[in-house]
Amino acid sequence: MFDFAIIGAGIGGSVVASILNHLGYSVALFEKLEYLCGCAGTFRRKGYYFNVGAATFVGLDGNLPLAKLKKLLNLDFPVVKIDPSLKIYIKDKTINRYQDKNMAFEEIQKAFYDKNNQKFWSTIYNTSDIIWDMLYDFLPQQSNLPDVNLIFRAFKHIDKIIKIAPYFFKNARAYALQTLNSLDKDYERFLSYHTLITAQGFLDEVNVGVASLGLTYPNLDNYYVIGGMDKACEAFVKNLKHVFRRTTVQKIRSYEDRFVLETSAGEFEAKNIVLNKTIFDLHELFDDPYIKEFSFKSQKTFSKKWGAFTMYFMVDDIFDKDFEYHHFILLDEEIPFTKSKSIFLSISAKEDSILSIENKRSITISTHSTIDEWFGLEKEEYKRRKKVVENFIIDRLHKYIPILKDAKLYNVESGTPLTFKRYTSRYMGSVGGIPVINEYFFKYPRPISPIKGVYLVGDTVFPGQGWPGVSLGAINLAKIIDKNFKL
């Protein structure tokens, strides 16, 4: 019998499995796919490898979650540091998002001159720095109710809290309008799509505190993962003895002293369960009325969700060695059937012998997409919509990144929320977790389920997405499970 059975080897499942293993617990990690990392993984298609999402690996330096875990767990990641973290295109402007805050500010001021930019961005930078500096002292968070211990720990940072607390009650767009001399549509789109890709909410939907973390994520240390994003999760699980790949957990039976997992590889027993699964579909694994009520209530309470439209293809390697790894195109018009005005493109490194082969480089393109546009369609209509979006995106790529016009594309394929539902089993193919918007901010779910011994991890039970947010959520859960765990 295992101490913990962890279902799902996405970022959250892989990280918490590694931490619990380090703490001396016996751990079994189950993953239905052949690769790890879920929506942030790497898959093989027709002989080529592609990253599932156009994602970045962030935060191996300083006080960030991955930096702390790297040291604690003695991890080695196959990475190359990248700077700028991404190149942004909006109309005739290009903005490089450098790690250095002064260089980054100069790029923004050049593109969107405003005499009050310095005041606005100083607030954004300072707020983000303070949050990261004191965040760990506010863990664990296991309830939305007031925590006496949490309040006691807050006194350590009382001066900082007084300084930034008001920003968690201020709308980010309203604050930008109040602070800046002017906020034209292009500048607002630039700010808004930063918060969308980090917090799943537009500028007018999030508070200044949340916006500060989203707007400064390009200023964190960013990396390219050699061999694919899944190699980051592989680094976390390398010391685990029991990793069951291509093993689907079909049902979990609960007993007084244990849980029995019915899987495609037979039955397993565990004292505790950690689900790296969204809170919306937990009921699929349990015949428990409380779990079902919890899932169905969550579906209604947190009804705003985003999916993704993704494209994958190989391209002739006609790029020089300085061609940026990540490109973010902000458009005037919506991409058909998505409600999004952005295209995020990631390209494999020239020296990556897994993703870049046969003098070709691997491309992953991602954009936010509404979910309802892709379900309940006839097969031909579904295929038609995919083709419309593919053609639209390729046309805009040629416009904003002209070098792509001269590069032949191979094996062009695309994915929709329906695709993500099929492969990752996420509810309705949603990605990015519950939006960290004002409407949900103070009632965000915590990693405790209605069943004792069943814990949750991932982007729907901790207010943060991507590697920094989800790994911080895994740290939070580890602190709940083991009160003696310290970073």
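Key figures for this structure:
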{"item": "Cα-derived Rg to Rh of the stretch 294-398, Kirkwood definition", "result": "1.07"}
{"item": "Simple spin-label estimate for VAL412 and LEU177 in nanometres, 7 Å along Cα-Cβ", "result": "4.0 nm"}
{"item": "Cα gyration tensor shape of the stretch 400-440, rounded if a/c is under 1.5, else prolate or oblate by comparing a/b with b/c", "result": "oblate"}
{"item": "The stretch 91-162 and the stretch 407-465: distance between their alpha carbon centers, rounded to Å", "result": "24 Å"}
{"item": "Calculated FRET efficiency for the pair ASP204/THR301, C-beta based, R₀ 25 Å, to 0.05", "result": "0.75"}
{"item": "Calculated FRET efficiency for the pair LYS170/HIS22, C-beta based, R₀ 35 Å, to 0.05", "result": "0.35"}
{"item": "Pair ASN74, ILE403: separation of 7 Å Cα→Cβ label points (nm)", "result": "4.1 nm"}
{"item": "Residue exposure sequence - ILE448, ILE151 - by fewest surrounding Cβ within 10 Å", "result": "ILE151, ILE448"}
{"item": "Counting all C-alpha pairs of the chain, share separated by more than 42 Å (%)", "result": "13 percent"}
{"item": "5 angstrom amide H check on ILE273, placed H, neighbours 5+ away", "result": "ALA5, VAL454, TYR455"}
{"item": "Pair GLU439, LYS271: separation of 7 Å Cα→Cβ label points (nm)", "result": "4.2 nm"}
{"item": "Cysteines in the chain lacking a second Cys C-beta under 4.7 Å", "result": "CYS39"}
{"item": "Spread of Cα-to-Cα distances over 5 Å intervals beginning at zero, given as percent, for the stretch 280-326", "result": "5, 15, 14, 11, 9, 7, 7, 8, 9, 9, 5, 1"}
{"item": "Kirkwood hydrodynamic radius of the stretch 1-103, from inverse mean 1/r over distinct Cα pairs, in Å", "result": "16.5 Å"}
{"item": "Lysine pair number, Cα distance threshold 22 Å (strictly under), the stretch 365-487, separation 8 or more or different chains", "result": "16"}
{"item": "Computed lengthening from ASP257 to THR94, 0.36 nm per intervening residue step minus Cα-Cα distance", "result": "52.8 nm"}
{"item": "Per-residue [θ]222 nm for the chain (sum of -39500 (n - 2.57) over DSSP H runs n ≥ 4, rounded to 500)", "result": "-10500 deg cm²/dmol"}
{"item": "Estimated vicinal HN-Hα couplings, Hz - the stretch 438-448 in sequence order (Karplus 6.51, -1.76, 1.60; Gly, Pro = x)", "result": "4, 4, 10, 4, 8, 10, 4, x, 10, x, 10"}
{"item": "VAL470, VAL260 arranged by Cβ crowding within 10 Å, fewest neighbours leading", "result": "VAL260, VAL470"}
{"item": "The stretch 108-219: Cα Rg divided by the 2.2 N^0.38 Å rule of thumb", "result": "1.15"}
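Just so you know, all these numbers are worked out from the coordinates, no wet-lab data involved. Note that this is a predicted model, so its numbers are computed, not measured. Backbone-built Cβ (ideal geometry, glycine too); neighbour counts: all protein chains shown.
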